[in-house]
Amino acid sequence: MVKTEYSEDELPLDPEFATVLLDWKLQAEREAATEEPTPSMGLELVFRSHVTARHYHTAPIQQDYIRLAGCCLVECPKCSAGIGVWCRQDSPVPNGGRLPIHEERWAAVGKYDGIGWRTFRHTYPSWLDDTGAPMGVQQS
């Protein structure tokens with residue numbers, strides 16, 4: 001059972017973005033064909049974890065990627081990494097892990113510190129509002 005009747009509605013998808021997703025899915029299927037079978041292989045996941053071969057969980061994605069990407073919306077005062085660029089480090093990061101964000105950048109990030117799943121949920125209606133779409137259209 002879905003939360004509302006609108007939860008089952010189809011949303012338009014940009015054709016170019018759909019092409020990117022389909023290409024990614026085909027690449028993932030080709031890679032999966034060369035791997036040993038796992039319980040998740042028939043699930044048709046678009047983004048499989050390279051560690052577990054199952055779906056990613058939302059909390060680690062928000063913690064490890066989305067919030068960090070929000071920090072990259074401002075320039076780093078310490079290493080001068082520009083907008084959209086990860087912080088620079090003097091030494092290699094162990095195990096090939098993601099470069100940490102400098103504390104100075106976290107302090108400078110301001111409103112972008114709170115970026116998460118709810119941000120995405122409200123982005124589409126905001127875009128609709130900018131076009132002058134009626135409230136009824138935005139709600140559905």
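A short reminder: the numbers here are calculations on the coordinates, not readings from a lab. Computed from a predicted model, the values in this text were never measured in an experiment.
Working note: Karplus 6.51/-1.76/1.60 with θ = phi - 60° gives segment 25-31 the couplings 4, 5, 4, 5, 5, 5, 5 Hz, where Gly and Pro are set to x.
Computed from backbone phi, the HN-Hα couplings of segment 58-69 come to 5, 4, x, 5, 5, 5, 8, 10, 5, 5, 5, 5 Hz, rounded to whole numbers (Karplus: 6.51 cos²θ - 1.76 cosθ + 1.60, θ = phi - 60°; Gly and Pro given as x).
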